[in-house]
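The values are calculated or read from the model by the stated rules, or taken from the named source; none is laboratory data. Note that the structure is a prediction, hence the values are computed from the model and not measured. Please note: Cβ atoms are built from the backbone with ideal geometry, for glycine as well, and neighbour counts cover all protein chains shown. These accessible areas exclude ligands, DNA and RNA; they are computed on the full protein's heavy atoms, side chains included. Shrake-Rupley method; radii C 1.70, N 1.55, O 1.52, S 1.80 Å.
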Amino acid sequence: KRRAEVIDSPYFHVVFTLPHELNPLIYCNQKLLYGLLHKCCAETLLELSTDQKYLGAQPGIIQVLHTWNQELDYHVHMHCIISGGGLTPDHRIRKSSAKFFIPVWVLRDKFKGKYLSLLDALYQQEKLVFSSSCRALQDPPEWKTFKNDLYRKDWCPYIKETFNGFGNAIEYLGRYTHRIAISNNRILSVTETEVTFSARSRKPGNPKRQVTLSHGEFIRRFLMHVLPASFQKIRYYGFLNNRMKSRNLKVIFRIQGGQRFRQRYAGLSMAELLKAVWNIDLSICPECGCAAMRQLGRSYAPFP
């Protein structure tokens, strides 16, 4: 589905990371402050992209929230795939070169100012919850000092990757969308008391490291990354926003002379999808091997 929405333009991977000093506050206000991170990343990219100094058009943006690093520590950051081409208000296409079109220092200052301003507004409206680890921030002078320290800190968004082909962007994103904090293949051993797993080296090119944790600590770290119920970690902005996406893409594809990718498996039933993708034929009887099975309907077991 996402490949069918790719336009003919460069694509870029931008990562926004929040300072670790915010971790205790974010953890006890997850739904609110994760949502604020989505909002600030999108507004930063959209406002700067539509500026005539940069792209002068509305790009397509896919954002994916992650909350972990390789050691399963709490590390809140946003992966953004942004198109280097977009739609102008008068329905024209503007494209950037292969180089990312917004200076990183401009991204940094805009994002930092926006996030801290809106965070302070939530504080003034008394919408934030304070756990024992950050209860001192309830005191206005402490909050002011905390906020000023964050303003002085150097926030570092960065351009992680520039894609040579527009199809590569979606292939790359596919490795991020439904990833969880740790996959099974990284777990090397589980003993009666400890779990050992692999982690990337802190320096590129060095061999992988091994991290060993007690059962309790491993479970604690893993559960930190379970998102609040119904929270949407993947969101779409710009010409990909859900309300106007179909209309925008029709305009773009018409201007560009066609659609680069077609959605595969569109309109297939579940039985047809299983056959096409995994070569599983539900009509074959597991006992006799004859293609005699027919779906009669669905049954729903009562919820316990």
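For segment 1-153, the spread of Cα positions along the three principal axes, ordered from largest to smallest, is 51, 32, 24 Å.
Note that segment 40-56 has calculated 3J(HN,Hα) couplings of 5, 4, 5, 5, 4, 5, 6, 5, 6, 5, 6, 5, 4, 5, 10, 9, x Hz, one per residue in order, obtained from phi through the Karplus relation 6.51 cos²θ - 1.76 cosθ + 1.60 (θ = phi - 60°); glycine and proline are x. Only the Cβ atoms of Lys and Arg (+1) and of Asp and Glu (-1) were treated as charged; on that basis the dipole of the chain about its Cα centre amounts to roughly 980 debye.
Give me the 1.4 Å probe accessible area per residue for the chain, excluding ligands and nucleic acids, in Å². Don't skip to the end; give the middle numbers.
On the way: 17760 Å² over 304 residues.
Per residue, the chain has 58 Å² of solvent-accessible surface.
Extension gain, Phe253 to Leu274, is 4.5 nm, computed as 0.36 nm per intervening residue step minus the present C-alpha separation.
Note that segment 193-207 has calculated 3J(HN,Hα) couplings of 10, 9, 10, 10, 9, 8, 9, 4, 5, 6, 10, x, x, 7, x Hz, one per residue in order, obtained from phi through the Karplus relation 6.51 cos²θ - 1.76 cosθ + 1.60 (θ = phi - 60°); glycine and proline are x. In a fully extended conformation the segment linking Leu188 and Ala291 would gain 32.9 nm over its present Cα-Cα distance, using 0.36 nm per residue. Computed over the alpha-carbon pairs of segment 98-203, the distance histogram in 5 Å steps reads 2, 8, 11, 12, 11, 13, 14, 14, 10, 4, 0 percent, short to long. Under a model in which nothing but the beta-carbon of Lys, Arg (+1) and Asp, Glu (-1) is charged, segment 54-115 shows a dipole of about 360 debye around its Cα centre. A Gaussian network model of the chain, with springs between Cα atoms under 10 Å, assigns the largest mean-square fluctuation among Ile252, Ile280, Ile26 to Ile280. Please find, in a Gaussian network model of the chain (springs between Cα atoms separated by less than 10 Å), the residue of Cys134, Cys156, Cys40 whose mean-square fluctuation is greatest. Sorting by GNM fluctuation, first place goes to Cys134. Projecting the Cα atoms of Trp105, Cys134, Leu122 onto the charge dipole of segment 70-144, computed from C-beta unit charges around the Cα centre, puts Trp105 farthest toward the positive end.
The largest accessible area among Arg2, Arg135 belongs to the first residue in Arg135, Arg2, and the rest follow in falling order (1.4 Å probe, all chains). Subtracting the Cα-Cα distance of Ala4 and Arg298 from their residue separation scaled by 0.36 nm leaves 102.7 nm.
Spin-label model, Ile180/Asp73: points 7 Å from Cα along the beta carbon direction are separated by 2.3 nm.
Note the listed values (1) 70, 62, 34; (2) 62, 40, 33; (3) 76, 63, 46, then indicate which one is Cα extents along the principal axes in Å calculated from this particular structure. Checking each listed value against the structure points to (3).
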